[in-house]
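K.L.:
The structure that follows is given in the form of structure tokens.
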Amino acid sequence: MPGAVARFLPVRAALAGIIVAGLAALAWRLSGEAGGTRLALSLVFGALFGLVLQRSRFCFYCQWRDFLVLGDPRGMLGILAALAIGVAGYAVVLGAWMPDPSGTRLAPDAHIGPVGPVLVLAGLAFGAGMALSGSCISAHLYRLGEGSPTAPFALLGTALGFVLGFLTWNPLYLASLSEAPVLWLPRHLGYAGTLALSLALLAALAWPLLRRLPAPAPAARPDPLHAVFVARWPVWLGGLAVGALGTLAYLRVGPLGVTAEIGGRTRQAAGSLGWLPDRLEGLDTFRGCATAVRDAALTPNGLFVGGLVLASFAAALVAGQFRPALPNPGQVVRGLTGGLLLGWGAMTGLGCSVGTLLSGIMAGAVSGWVFGVAMFAGAAGTLWLGRRAGVLA
């Protein structure tokens, strides 16, 4: 362990302990209030999600970039592991809730959105925003807890992107979204067929990646505390944890997602300033990371996001990875520009890499697969152009 980390570890560990104790106390208090169980669980799931993201560096763009630039497939295999666990978990939950999925009803609260050219455009924009800003929205949230100089500007840009998305929503809805099909695989294939098809697709994606795995490094005798609190967790372990958390969260609270609170609060603020149309056609009838105006001070997604940031902050403190720094002009510009694309893509696509892609694919939504393909394509194209222009590493 580096000397600087070891020297300040007791202080950092104490501060991290205070944060964890505060989160636990708040969850306990919320659970004792009428209707507070859902709020308490949202806070706990958010904290666990933040811990997993920070410790395993689970980031859709980072794993994709590592594969494209360095040829390292381990991160992408971690994402596929998360999806595989979540697909199986959702099948069990949905099979208990809706034994017959062939009717007209969709899975309750699941992120199942319309499929069409607008969704592709949203995915491309979101992917470009990831490449420009350096992360997806969930990764910017956990990096906010690490003191990232880019994350605050990327999140500010995301909020502005949501405003832009609201302003362009009505023309897109009337031109395409109002007639776009909402495709849910279990309705056509049943749960068993959806599970088999999803796992087969994930296995087909994993096979060429597995063949490119680097040779394992010589095993060293690990220090358990260092392995848990300081060293990076294997991405496959992070993926398994994300898949399990996605299933548990859906069972008890709702699908994983990090943009409902950002979008809802942005919609509320922009509406009060008179920036939005009087009516957003059909928006509140779609599933996904809803952007409904919220009157309550505490909401499930708001507590989820708050728990994510605070837990990642605590984890970064213990690991010596909380390194705040002043942003340079490039980080400000890339954060705001990338965030604008992230926000527009997330608003228009009814969610981000966590909500639309991760939770959508887990639920059997075709929209999750379409958004994911477009997102990775947009990120790859933007990264290629940025590296050729010398503005992206």
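The values are calculated or read from the model by the stated rules, or taken from the named source; none is laboratory data. Source: prediction; values computed, not measured. Glycine also receives a Cβ, built like all others from the backbone with ideal geometry; neighbour counts cover every protein chain displayed. Side chains included, ligands, DNA and RNA excluded: accessible areas come from the protein's heavy atoms. Shrake-Rupley method; radii C 1.70, N 1.55, O 1.52, S 1.80 Å.
K.L.:
Is the C-alpha gyration tensor of the chain telling us rounded, prolate or oblate? Criteria: a/c under 1.5 is rounded; beyond that, a/b larger than b/c is prolate, otherwise oblate.
P.N.:
Judged from the Cα gyration tensor, the chain comes out rounded (a/c under 1.5).
K.L.:
May I ask you to list the trypsin sites (Lys or Arg not before Pro) in the stretch 35-86 that are in a DSSP loop and have at most 16 other Cβ atoms within 10 Å of their Cβ?
P.N.:
Those that pass, being in a loop and sparsely packed, number zero.
K.L.:
Through the Karplus equation 6.51 cos²θ - 1.76 cosθ + 1.60, θ set to phi - 60°, convert the phi angles of the stretch 151-158 into ³J(HN,Hα) values in whole Hz; use x for Gly and Pro.
P.N.:
Result, ordered by residue: 4, x, 6, 5, 6, 5, x, 4 Hz.
K.L.:
Heavy-atom accessible area per residue, the chain, 1.4 Å probe: how many Å²?
P.N.:
Normalised by residue count, the accessible surface of the chain is 44 Å².
K.L.:
Using θ = phi - 60° and the Karplus relation 6.51 cos²θ - 1.76 cosθ + 1.60, list the HN-Hα couplings for the stretch 108-125 in order, rounded to whole Hz, with x at every Gly or Pro.
P.N.:
Values, residue by residue: x, 6, 5, 7, 10, x, x, 10, x, x, 5, 5, 4, 4, 5, x, 4, 5 Hz.
K.L.:
The stretch 121-191: which chymotrypsin sites (Phe, Trp or Tyr not before Pro) are DSSP loop and have at most 14 other beta-carbon atoms within 10 angstrom?
P.N.:
Passing both the DSSP loop test and the Cβ count: no residue.
K.L.:
Using only alpha-carbon positions, what ratio does the radius of gyration of the stretch 1-91 give when scaled by 2.2 N^0.38 Å?
P.N.:
Normalised by 2.2 N^0.38 Å, the Cα Rg of the stretch 1-91 equals 1.48.
K.L.:
A further question on this structure: In the stretch 1-112, carbon and sulfur make up what percent of the accessible area (probe 1.4 Å)?
P.N.:
Answer for the stretch 1-112 is 68 percent, counting heavy atoms of protein chains only.
K.L.:
Another question about this same structure. Regarding the stretch 161-290, what are the three Cα extents along the principal axes, ordered largest first, in Å?
P.N.:
Between the extreme Cα coordinates on each principal axis of the stretch 161-290 lie 63, 39, 31 Å.
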